[in-house]
Each structure stands twice: as C-alpha cells, then as structure tokens.
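Down below is the structure, laid out as structure tokens.
The values are calculated or read from the model by the stated rules, or taken from the named source; none is laboratory data. Nothing here was measured: the structure is a model prediction, and the numbers come from that model. For neighbour counting, all protein chains shown are included, and Cβ atoms are generated from backbone atoms with ideal geometry for every residue, glycine included. Note: accessible area is taken over every heavy atom of the protein model, side chains too, but ligands, DNA and RNA are not part of it. Shrake-Rupley method; radii C 1.70, N 1.55, O 1.52, S 1.80 Å.
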Amino acid sequence: MTVQPGQFVQVPLGPRVRIGVIWDSGNEGPPPNPEKLKPIQQVIDLPGLPESSRRFIDWVARYSMAPLGSVLRMAIGTPSLFKQSRMSVLYSWAGAQPARETAARKRVLEILESGPPRTAVDLAEAAAVSTGVITGLADQNVLERHERDPSHIDLPAPEPDTPGPTLSGDQKSAALALVNTVREQAYSTTLLEGVTGSGKTEVYFEAIAAALRADDKAQILVLVPEIALTNQLLDRFEDRFGARPLAWHSTLSGTARKAAWLAVARSRARVVVGARSALFLPFADLKLVIVDEEHDPAYKQEDQVIYQGRDMAVLRASLADCPAILVSATPSLETTVNCWNGKYRHVTLRERHGGATLPEVETVDMRGQVLDRGHFLSPALVEALRETADAGEQSLLFLNRRGYAPAAICKACGHRLQRDNCSAPLVVHRFGNRLKCHYCDYSTPMPRACPSCGAEDKIVPYGPGVERLAEEVSGLFPDQRVAVIASDTVKSPQEVQSFIKRIENHELDIIVGTQLVTKGHHFPMLTMVGIVDADLGLSGGDLRAGERTYQQLWQVAGRAGRESRPGRVLIQTYMPEHPVMQALVGGDGPAFYRSEADARREGLWPPFGKLAALILSGRDEAQVSAHARRLAQAAPALRGLSVLGPTPAPFARLRGRYRYRLLVRAERGVSLQPVLKDWLAQVPEKSSVRVTVDIDPYSFL
Ligand code: ADP
C-alpha cells in the first residue's frame with residue numbers, strides 16, 4: 001500500500017481497529033520485529049494533516065510534556081470527522097405552478113423565489129406549514145430536490161480591495177509596518193500596542209488585506225480569547241471584507257466542526273476567527289497569525305494538555321514561516337520583555353481614534369469610609385452614578401464576582417459554609433436562594449440551620465457579588481434601568497450579543513458586570529466606570545496578580561468615554577498607593593511594566609526564569625502528601641534550578657481531591673522538560689495519585 005505522511009488510516013491495534021495518522025516517512029531502516037507488524041487496513045478518505053500541523057503537534061507535546069497521542073487527539077478534536085455525513089436534501093422552486101394554489105403553498109414559493117434552497121424542516125418553519133406541504137410540492141415537480149453534503153460549507157471569498165476607513169497618520173504608519181511583515185513572507189513577531197479605541201482592529205485588517213491580496217490561497221488565523229469577541233469580530237470583518245470568515249469555537253456542533261475542519265484543510269477557508277484550539281486546524285497555506293487581546297489569561301488552557309495559546313500561536317507562525325501579530329492595549333509582560341530585547345518588533349498607536357480622550361482616573365480610598373451593612377458603594381461613587389444619570393449617560397460598575405455574595409457565614413458561630421470535601425467557599429446566588437460552588441457543578445438550597453452549630457436563621461451573605469450590588473444600585477436609583485451581566489446570567493454567545501446590543505441602544509442605564517463586559521466592546525453613551533473592589537485580584541500567591549489586575553482594570557476603564565463624551569473612572573481601593581493603582585491614576589503603564597519587570601528579574605520569575613508546577617492530586621491526603629515528599633526528595637540537584645514545596649494548594653481540596661504542589665524554578669539556560677522527565681522517571685508512579693505538569697503555570701489556586 002502506498003501512503004503519504006499526514007494521511008489518516010485505520011490500523012489494527014490488539015483486538016481493535018483504531019484511527020491513526022502516518023506521522024513520518026520511515027527512513028530508519030527495517031523494523032526490529034517485522035513479523036510482528038500488521039498491515040494498515042485502509043486509508044481514510046480525508047485530507048491529510050499537513051507537515052506544519054504535525055510538527056506543531058510534536059512541539060506542543062514535547063513542550064507541555066503531554067503524550068503525543070493526547071495532543072493529536074485534542075488537535076483532531078472532533079470524532080465526527082471520521083463519521084460519514086448523511087446527505088441532506090434541499091428544495092428550490094423549479095418554476096412551475098402547483099396544480100391547486102393554497103395560501104400555504106404560496107408562502108413556500110414566495111420564500112424560495114427570493115432566497116436560497118432550504119431543507120424541508122427549515123422551509124416548513126419559515127413558511128409556517130407542515131413538511132408534508134413541501135414534499136407534496138416536490139412530488140408534483142413544482143419544487144426541485146438537491147442533495148447537499150452537510151460537511152460542506154459555502155464560504156464566499158473575502159474582498160481585500162474594498163476600501164476601509166481613512167486611517168490617521170499614526171494608524172497609517174502602523175498599518176504599513178504590519179503590511180511590510182506580511183510582504184517579507186517569513187517568520188517575525190510584532191506587537192501592535194495601542195490604547196483602547198485607537199483603531200488596532202482597523203490597522204490589523206490592513207495586514208489581513210495585504211495577505212489576502214498577495215496570494216489567492218493564503219490563509220489567515222485570528223485568535224480571540226472569547227466567543228463573544230468572535231461574533232463581534234465576524235461582524236466587523238464582514239462589514240469590511242464583504243464575507244464572513246470561518247468561526248471556530250467550542251460550541252460548534254459535530255457536523256459544523258467537520259465542515260470547518262475540511263474547509264481549512266482544503267484551503268477553502270481563507271480567514272478563520274477562533275478560540276485557541278483553532279491553532280490545531282490543518283492549515284495548508286497559513287500566511288498570517290494574529291492574536292487579539294494577547295495578554296488575556298483565557299489563552300492559557302488549563303485542562304488535558306496544558307499550554308499557553310499565545311505562545312503556541314507564535315510557534316505556529318514560526319513553523320509556517322509566516323508573521324505573527326500580537327495585539328493589546330495592555331500587553332503581557334512576556335511580550336513586552338520580548339520587545340525590549342528585540343525578539344519582537346513593536347508598533348504603537350498612541351491616541352484614541354477621532355480625538356476621543358482617555359478617561360480621567362481617580363481612586364477612592366476606602367480606608368475610613370463608613371458604609372451601612374450590605375452596602376459597598378462609597379459616597380463618591382454614588383455621586384458619580386447620580387451625575388452620570390442626570391446627564392442621561394450610562395455607567396458601568398465592575399466587580400469580578402458572580403452571584404449575590406462570595407460567601408455565606410453563620411452569625412452565631414462564624415462558620416463559613418463549604419462542602420465537606422472541598423475548601424472553596426460556597427457562593428450565594430439569590431436566584432432560587434441557592435449556594436453554589438464555582439469550581440464544580442454543586443448547588444444546594446440555602447440551609448436554614450448552620451451545619452456547624454445548628455443555629456437557625458443565622459446564616460447571612462458575606463461580601464458583595466454583582467447581584468447584590470445591582471440590588472444596592474436599584475435601591476438608590478429606582479428610576480434607572482439596571483442590569484447584571486455575568487457568565488451565569490447571560491449564557492450563550494447569542495445572549496451576550498443581545499445584551500451588548502441593549503447597552504449600545506441605550507436600553508440600560510447602569511450595568512453591573514464581571515469581566516464579561518470588559519473586553520473589546522464599544523459603547524458610545526458609557527461615560528462612567530466604577531471599579532467596586534480593585535484589590536480583589538491582588539491577594540493570593542499569584543506571580544502575575546499585579547500585572548493581571550493592571551490589565552483588567554485598564555481594560556474596564558477603557559470602556560469609558562470612547563466617543564466625544566469624556567469618560568471618568570473611579571477605583572475603590574484600600575491600597576491607593578499600590579503601584580497598580582498609581583499606574584492607573586497616572587496613566588503610566590510603562591513605569592508599571594518596568595517595576596514589575598525589575599521585581600521578576602530579581603526573583604528569577606518568568607519571563608526572566610523558567611517555572612513549572614507539579615500538581616499532585618488524589619482522594620487520600622496521606623498518599624498525596626507522601627508522594628509529594630518522595631518527589632521532593634528525588635529533586636534534581638542542578639545548578640540554576642530550585643524546587644519549592646511541596647505545599648498544599650490554596651484550595652487544598654477540590655471536588656473531593658486533595659491537592660499538593662511543587663514549583664520548579666530555573667534559570668533560562670536550563671532545559672526544563674528533559675530535567676522534569678528524568679526526575680519523574682525516578683519516582684515510581686502511584687495509581688492513586690495523579691501528577692500533572694504545568695509548564696509556565698498561570699493559575700495558582
Ligand atoms: P481598538 O481595537 O484599538 O480598541 P477599534 O479598531 O475597535 O480600536 O476602533 C475603535 C472604533 O473607532 C471602532 O468603531 C472603529 O471602527 C473606529 N475607527 C478606528 N479608526 C478609524 C478610522 N481611521 N476611521 C473611522 N473609524 C475608525
């Protein structure tokens with residue numbers, strides 16, 4: 001049988017038949033036990049995995065220390081790829097008139113007269129008739145039947161030559177710099193940094209246009225951190241280029257995934273907008289990779305194969321030998337340092353488009369404020385809300401806490417409610433008066449009696465969540481239209497989209513939201529942003545806590561005053577002198593990045609050193625901690641490498657599993673993965689303890 005590298009094949013493996021990929025051409029000479037080899041059963045009729053996809057998967061496996069097979073399985077991601085898709089039948093009007101005209105038949109024909117062919121179900125729904133009416137018309141040859149492969153999607157080509165907006169001088173030179181990287185047709189990475197509202201999207205659209213123009217097969221990948229942003233970008237792209245790009249995200253159905261996968265493999269999809277997993281699509285002609293909001297923590301994948309999507313995007317570009325563009329108003333420190341040392345190029349937009357000014361930022365010192373019980377808004381913030389309401393403008397209150405209150409406490413004994421097998425607090429949700437865990441699906445009605453001391457009616461919500469805040473605001477401003485946006489109040493991308501529309505159309509006056517509302521959106525009437533608890537992200541042992549807080553708050557602040565009306569931002573904090581607050585008030589991002597870099601350089605933390613976490617978990621605490629100690633004892637004694645721990649994780653018990661962690665810190669010159677591999681090989685595995693390696697960890701909970 002002749003096969004090519006990349007082809008999908010069926011092979012016998014033990015008693016079963018499995019799907020595999022021809023990974024490479026075998027140049028290693030004859031196999032050791034040729035009599036044990038079994039023949040490939042058949043080649044699957046699908047486009048193969050291109051060379052650069054395979055090399056990428058190899059690399060991700062090596063880097064993340066995950067088995068190649070797991071990475072490959074994740075990369076394919078869709079078992080539906082190997083299922084035969086059933087043909088669907090579409091109906092169009094054949095031009096003839098029905099023998100007897102009825103109102104129902106007339107409606108069907110009217111719809112088909114002006115629209116594309118449709119399935120019977122679709123058509124029946126649109127015309128409000130039964131499917132019998134449609135099959136009846138087809139039997140009379142009034143309608144024509146066509147077969148369609150559902151794994152085929154029509155993707156009209158984007159039109160790169162439609163003119164975009166007239167760019168400002170700054171925007172023009174930024175666009176030219178990006179277009180030049182595309183013209184070089186070689187790997188490079190460029191950071192496009194610009195304040196929120198400076199036109200970064202318009203500018204990178206020019207690079208996309210250049211790539212589309214240069215080569216009529218060129219494929220372009222645009223990564224976005226969230227589905228809501230995918231939809232927004234699809235609309236903007238369509239306005240500009242006259243065609244919708246291919247969308248790729250976790251909520252696509254099996255058939256849609258297969259269709260998308262095939263469209264990419266066959267080079268029919270020219271532009272793909274997607275979540276980090278789009279990196280694994282089988283691009284045949286990748287010519288440009290863009291990572292929007294490159295600093296966003298959502299790029300880090302924390303389960304199965306652990307990887308940082310932004311870093312892998314740069315790697316993907318280098319394997320395809322094409323440029324990568326990282327886009328942000330608040331770049332990650334990693335990217336900033338790469339610009340400083342010349343590894344990345346740096347293009348900057350300094351001003352907001354159309355003369356809009358950056359908002360004025362001030363802190364509200366919460367020390368010494370006396371607020372009524374259950375109230376969380378300072379008089380200054382209430383006053384700002386009132387002024388904004390009087391001006392007929394919109395306000396946004398930001399609090400990154402879903403639910404009504406982050407904890408429930410017994411007033412009699414001080415007990416904080418949590419599950420027996422978990423150390424995460426239970427969160428109060430007012431809707432249905434329930435307690436929920438935010439780390440698993442657990443949910444229970446609020447108990448009357450304290451599980452610890454038995455006192456009745458003594459359990460009270462503790463601290464603010466967005467729902468509680470909305471209650472406070474509604475009480476203060478009964479005639480303002482107040483609404484909450486959080487991932488549990490608006491669930492699907494469509495719901496997020498329609499909520500965003502309500503804000504844009506000024507159907508709401510005060511929005512209380514979590515980080516869901518902070519990104520990328522443009523609200524002309526929003527002029528005041530109140531940050532209710534700016535200190536929230538600074539606690540905990542997360543090495544990026546300061547950086548992340550700065551990025552997040554600056555993004556939220558950036559929602560204010562994006563058009564002609566100037567914006568204003570109030571930050572409630574107990575630490576007004578903290579460097580993060582100072583940087584926000586003074587608008588001095590560069591100073592913040594420098595001091596943050598100094599601190600990390602000194603401690604040899606990333607990006608100046610390497611870091612990896614070994615996370616151990618299991619149901620028996622004694623076994624987990626013993627295994628952690630065995631690992632610590634076997635730790636490599638290597639110059640430039642140190643091992644911290646083991647310690648129980650901050651949430652020492654989640655979903656019934658105990659968790660311990662070791663941190664490995666090394667100088668940049670150390671090849672971490674081989675060292676970790678040798679180390680782990682020295683300590684015999686225990687089936688009751690799971691060990692996960694997280695290279696460059698982001699989450700420290
Ligand atoms: P960013 O991505 O930097 O936040 P956007 O690209 O979203 O900025 O631009 C902000 C708003 O300004 C968008 O509505 C965009 O269409 C508009 N805009 C930016 N540059 C121009 C321009 N040169 N002409 C017209 N509108 C522009």
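How far apart, in nm, are two points set 7 Å out from the Cα along the Cα-to-Cβ line at H506 and at S492?
A separation of 3.0 nm, rounded to one decimal place.
Is the range 88-148 best put as rounded, prolate or oblate by its Cα gyration tensor, with a ≥ b ≥ c the root eigenvalues, rounded for a/c under 1.5, and otherwise prolate when a/b is larger than b/c, oblate when not?
rounded
Which order, highest average first, do 580-588, 395-403, 248-256 follow once you tally other Cβ atoms within 10 Å for each residue and take the mean per peptide?
Result, highest mean first: 395-403, 580-588, 248-256.
Just how large is the dipole of the range 498-645 about the Cα centre, in debye to the nearest 20, putting +1 at every Lys and Arg Cβ and -1 at every Asp and Glu Cβ?
Taking the Cα centre of the range 498-645 as origin, the dipole is about 500 debye.
Limiting things to C-alpha atoms, what are the Rg and the maximum Cα-Cα separation (Dmax) for the range 125-205, in angstroms?
My reading of the Cα-based Rg and Dmax gives 24.3, 64 Å.
So, R0 is 45 Å and r is the distance between the beta-carbons of S564 and T102; what FRET efficiency does that work out to, to 0.05?
Working: r = 56 Å, r/R0 = 1.24.
Computed FRET efficiency for S564 and T102 comes out at 0.20.
As an exercise, use a Förster radius of 41 Å and the Cβ-Cβ distance of E35 and R434 to find the FRET efficiency, rounded to the nearest 0.05.
0.05
When a/c is below 1.5 the answer is rounded, else prolate if a/b is larger than b/c, else oblate, so apply that to the chain with a ≥ b ≥ c taken from the square roots of the Cα gyration tensor eigenvalues.
Cα axes put the chain in the rounded bin.
What distance in nm separates the two pseudo spin-label positions at L68 and D24, each 7 Å out from Cα along the beta-carbon direction?
Between L68 and D24, the label points sit 0.7 nm apart.
Toward the positive end of the charge dipole of the chain, about the Cα centre and with charges on Cβ (Lys, Arg +1; Asp, Glu -1), which of A632, A483, N141 goes farthest?
A632
Semi-axes, largest first, in whole Å: what does sqrt of 5 times each Cα gyration tensor eigenvalue give for the range 609-695?
Here the semi-axes work out to 23, 13, 10 Å.
Might you list the cysteines of the chain that have no disulfide-compatible partner by the rule of another cysteine's Cβ under 4.7 Å?
C322, C339, C422, C437, C440
Of I220, T166, S53, which is farthest on the positive side of the dipole of the chain, counting Cα position, with +1 on Lys and Arg Cβ, -1 on Asp and Glu Cβ, and the Cα centre as origin?
S53
Can you give the extra length, in nm with one decimal, that the chain gains between R86 and S688 once fully stretched, where that is 0.36 nm per residue apart less the Cα-Cα distance?
212.3 nm
From the square roots a ≥ b ≥ c of the eigenvalues of the alpha-carbon gyration tensor of the range 169-354, which class results: rounded (a/c under 1.5), prolate (a/b over b/c), or oblate?
rounded
Pop a pseudo-label 7 angstrom from the Cα along the beta-carbon direction at both V382 and E147 and give the gap in nm to one decimal.
A separation of 7.2 nm, rounded to one decimal place.
What does the extension gain come out to for R668 and R639, with contour length at 0.36 nm per residue minus their alpha carbon separation?
Residue separation times 0.36 nm, minus the Cα-Cα distance, leaves 9.3 nm.
Considering Cα pairs under 8 angstrom that are at least six residues apart, work out the relative contact order of the range 261-316 and quote it in whole percent.
After rounding, I find 32 percent.
Quote the convex hull volume per residue of the range 349-392, based on C-alpha atoms, as a whole number of Å³.
For the range 349-392, the hull spanned by Cα atoms encloses 123 Å³ per residue.
At most 16 other C-beta atoms within 10 Å and a DSSP loop state: those are the exposed GluC sites (Glu not before Pro) I care about. Give me the longest piece of the chain that has none.
303-506
If you place +1 on the Cβ of every Lys and Arg, -1 on the Cβ of every Asp and Glu, and leave all else neutral, what size is the dipole of the chain about its Cα centre, to the nearest 20 Debye?
Working: 82 positive and 78 negative charges, 475 e Å.
My answer is approximately 2280 debye.
Averaging sequence separations of C-alpha pairs under 8 Å and six or more residues apart, then dividing by the length of the range 512-618, give the relative contact order as a whole percent.
27 percent
Using unit Cβ charges (K, R positive; D, E negative) and no other charged atoms, how large, in debye to the nearest 20, is the dipole of the range 88-148 about its Cα centre?
Details: 7 positive and 8 negative charges, 18 e Å.
In total the dipole reaches around 80 debye.
On a full-extension model of 0.36 nm per residue, what is the gain between A243 and D139, subtracting their alpha-carbon distance, rounded to one decimal in nm?
Taking A243 through D139 to full extension adds about 33.9 nm, to one decimal.
What whole number of Å gives the distance from the Cα centroid of the range 231-245 to the Cα centroid of the range 571-628?
About 37 Å separates the Cα centre of the range 571-628 from the one of the range 231-245.
Expressed in nm², what is the orientationally averaged projection area of the convex hull enclosing the Cα positions of the range 8-82?
Mean projected area for the range 8-82: 6.1 nm², to one decimal.
Only bridges with both residues in the chain count here: give the DSSP antiparallel percent, nearest 5.
Antiparallel bridges make up about 55 percent of those DSSP assigns within the chain.
Mind giving me the FRET efficiency for A298 and F651? R0 is 22 Å, r the Cβ-Cβ distance, nearest 0.05 is fine.
So the FRET efficiency works out to roughly 0.65.
At 1.4 Å probe size, put H627, H375, H353 in order of accessible surface, largest to smallest. Please report the intermediate quantities before stating the final value.
Numbers: H627 5, H375 75, H353 115 Å².
Accessible-area ranking of H627, H375, H353, largest first: H353, H375, H627.
Whole angstrom only: what separates the Cα centroid of the range 156-191 from the Cα centroid of the range 526-558?
If you average the Cα positions of each part, the centres end up 32 Å apart.
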